[in-house]
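Have a look at the structure below before the remarks.
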Amino acid sequence: MTATLAFVATAGFLALSRHAGADPYWPVHEIDGRYRGANGLGAGDVNADGYTDYVTNYEFDQRYVISLHPGPGADPRAPWPTVDVWTPRPLAIDTGVNPESSALGDFDGDGNTDVVGVQGWSEWFIRWWEGGGFPGIRFFWGPSPSDVTEPASWTDSGRIPTSIDRGHFHWVTSHDVNEDGLLDVTAGGRVHGGNYERGGIVWLEAPTNPAERRDLDLWKIHQIAPDQYSGHGFVWTDVDEDGDADIADANADFDTPQTEEKVLWYENPGPGPAQGLPWTQHVIWTDSSFWAKPSMTAADLDQDGHTDLLTQTRTAIHWFRKTSVNPVAWDHVEIHKDPSTTWRSRPVRVADMDGDGHLNIVGMLIHEYGDLPGRKASVFWMSYSGPPTGADNWTTHTIKWGPGRVMLVNEFGEKWDQVDITDVDSDGDLDIVANNEEWWEDDDSEFVPFFHPQVDPSSVSVVWFENRLAETEWSCIETAGTCDLQAEQPVRLGDGTWIERGSVPGADGNYLMAHNALPPWVDNLVSILKRAATGDANLYALGWGDTSGATWKMDLAGGTYDIWVRRRVPPDWGYGLGGSRSDGLLLGVDSTPGRRVDDLGRAGSWTWVQAMTVDLTAGSHELHARVRERGYMLDRVVVTSDTGWVPPAG
């Protein structure tokens, strides 16, 4: 069944975005970074301690993992405790493959939190080493809260029979569809690569009798949108404001013809037989500017009492502002994105990030064939002054810069997938939790089997960004003649050349990695030729003016200071780097151009290097670290007037 809206303003308002310039620093903290292909982020309180935990399915390493918030009295800035709910058995038969999405909920009604996971179709080479290959939906029955950290206490249900081989499922949520007080499952899919069946949007009805909910044969499947091309990223929201939740979806995917790319909603007919039949479809907007798997969010952005819908494309945030409900009608407000955010995009959310009572937009980008430039804001938020529909009223603020170009290096750029807005550190403001589907540096390809002994990825998988908007910018105050600057402290990042990463053995905490020291060929061709003419051994090294780098603020008493850096140079890194080609750092103070410091020393270990000696007046100063060579890792910088200061061992 298909219906159209009585009125859709496809032109609507045009709002423009501008960039705020220097933005407050948002530290990024690793939650879990052990596996490849973090392809989901389901929120829930698994251990019943009152804090939000997350389930993540790792597509390439074939695991379902729960990350547990450390809880009261513990520091959520350190990597979180985890439990592998499901780990594959290589070469086993019918264990299932390609985990595409997961969610949390009590599906069997025993009071404990379970996991529901959906699978996509798999090519023969994935089936060869794991078995399975026919997609479906499965549960992992959860234990009591006291036992959730024990992998053996989780039970794999196997696939629900009615869900097997119906399409390539890649989205799942928990929702009480028929309002009977029982948690049902809703899932979305794309076109199956083997039998070409469309996954569409479905819901699985929980058996009424609690004693029967682990009997998978009793879970009934109902089609909401059987002919839809993609159901990735749909949201539940009461579009027509009749008291029950409807579904809003943006259906673009690799299999969706450009002429069929739409924003639409499905009208919930309410409890009864009609709920088991396809729901009435309403098209809001048709446009070919979408990229695969756009994200939808529902929020009353202008706070007029009506819930609106938002999504984003490469060049704009598309705000479908609801103007009436009988019939449902919309104004299409197109907020043009700042040049720093015009790139392939996916997640978008709405929340009051700065605590001023107005709702803001949070957005994230994804790579284009491995490329997400260091001067693109891969994570950003937008605020407005004046009416949100007004032209030039929106300002873009950078949370994180992109990782930079990845030419000639076997790695993927960032691909931010799902987002949860919550107060992770319980300090009264909203933080951002997100999963990064693709980004690793060490292995040759995503197709290397997950059990291969040479697969040892350095991933950025599940992280949270700490909101510091209400806090005064951090400055190191000299104590006993010394400022100790660490990577996890609020260092201002001016672009994506330095990336804050989770701790590795030997690091004091987080560290900064010189990630983007491979300049664009065209923009830097002259610079490369000049270096070649002067005999520079590293044609890809950067100069002081090529990047904005990282900056620490310091309040000093004045005098003569030695500057020490604690760094690690990997023996091998990326394409032809590591060792002597990754041992360069550019360091400077205030407006004076920096100079190269460091030499190779010991590769592969954390080592202290005395970088320089400078005379500085009393007052505020800025220390700048800029990338010279890719792969360099920076853990701490010590600025000290104590001539007897000796670096600690290691």
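Observations on the structure shown:
- As a calculated quantity, the FRET efficiency between ALA22 and ASP508 at R0 = 25 Å, using C-beta atoms, amounts to about 0.40.
- Multiplying the residue separation of ALA292 and THR613 by 0.36 nm and subtracting their alpha-carbon distance yields 110.3 nm.
- Measuring between alpha carbons in the structure, the pairs from LYS322/LYS376; LYS322/LYS415; LYS293/LYS337; LYS376/LYS553 lying more than 21 angstrom apart are LYS322/LYS376; LYS322/LYS415; LYS376/LYS553.
- At full extension, TRP645 and THR307 could sit 115.7 nm farther apart than now, given 0.36 nm per residue minus the alpha carbon distance.
- Each eigenvalue of the Cα gyration tensor of the stretch 303-423, multiplied by 5 and square-rooted, gives one semi-axis; in descending order these are 29, 15, 13 Å.
- Rounded to whole numbers, the Karplus 3J(HN,Hα) couplings from phi for the stretch 356-366 are 9, x, 9, 7, 10, 9, 10, x, 9, 10, 10 Hz, using 6.51 cos²θ - 1.76 cosθ + 1.60 with θ = phi - 60°, and x at Gly and Pro.
- For the stretch 571-626, the Kirkwood estimate of the hydrodynamic radius, built from every pair of different alpha carbons, is 13.1 Å.
- Probe 1.4 Å, protein heavy atoms only - accessible area per residue of the stretch 123-235 in square angstrom: 39 Å²
- Selection from GLY644, ASN326, VAL462, by position along the positive dipole direction of the chain (Cβ): GLY644
- The equivalent ellipsoid that matches the C-alpha gyration tensor of the stretch 112-217 spans semi-axes of 25, 19, 11 angstrom, in descending order.
- Charge sum, other residues only, whose C-beta stays under 10 Å from THR389's C-beta, Lys/Arg counted +1 and Asp/Glu -1: -1
- Cα-centre dipole for the chain with unit charges at Cβ (Lys and Arg positive, Asp and Glu negative), debye to 20: 2480 debye
- A full extension of the chain between TRP236 and ASP147 corresponds to an added length of 28.9 nm, given 0.36 nm per residue minus the alpha carbon distance.
- Summed over qualifying helices (DSSP H, 4 residues or more, each -39500 (n - 2.57)) and divided by its residue number, the chain shows a 222 nm mean residue ellipticity of -500 deg cm²/dmol.
- Kirkwood Rh, Cα atoms: Rg over Rh of the stretch 45-199: 0.99
- Size check on the stretch 167-302: the Cα extents along the three principal axes, sorted descending, read 48, 43, 22 Å.
- Net charge of Cβ neighbours under 13 Å - reference VAL65; Lys, Arg +1; Asp, Glu -1: -2
- Computed E for THR280/GLN258 - FRET, C-beta separation, R0 41 angstrom, nearest 0.05: 0.95
- Leading residue at positive end of dipole, the stretch 461-508 (Cβ point charges), from ILE499, CYS476, ALA487: ILE499
- Radius, Kirkwood style, for the stretch 256-354 when every pair of distinct Cα atoms is counted (Å): 15.1 Å
- The chain pair-distance distribution - Cα-Cα, 10 Å bins, rounded %: 3, 15, 25, 25, 18, 9, 4, 1, 0
- Rolling a 1.4 Å probe over the protein heavy atoms of the chain, with every protein chain left in place, gives an accessible area that is 52 percent carbon and sulfur.
- Here the scattering of the stretch 537-646 is modelled by Debye summation over its C-alpha atoms, one equal scatterer each and no solvent; at q = 0.10, 0.17, 0.23 Å⁻¹ the log10 of I(q)/I(0) is -0.29, -0.80, -1.29.
- Taking amide H positions as modeled 1.01 Å from N, with prolines and chain starts lacking one, the residues under 5 Å from LEU301 and 5 or more places away or on another chain are ASP308.
- Taking 7 Å steps out from each Cα toward its Cβ at THR482 and ASN195 produces label points 6.8 nm apart.
- Distance between the modelled labels on ASP599 and ASP215, one decimal in nanometres: 7.8 nm (7 Å Cα→Cβ projection).
The values are calculated or read from the model by the stated rules, or taken from the named source; none is laboratory data. Quick caveat, the model's predicted, so the values are computed rather than measured. Note that we place each Cβ from the backbone using ideal geometry, even for glycine, and neighbour counts take in every protein chain shown. Please note that ligands, DNA and RNA were not included when accessible areas were found on the heavy atoms of the full protein model with its side chains. Shrake-Rupley method; radii C 1.70, N 1.55, O 1.52, S 1.80 Å.
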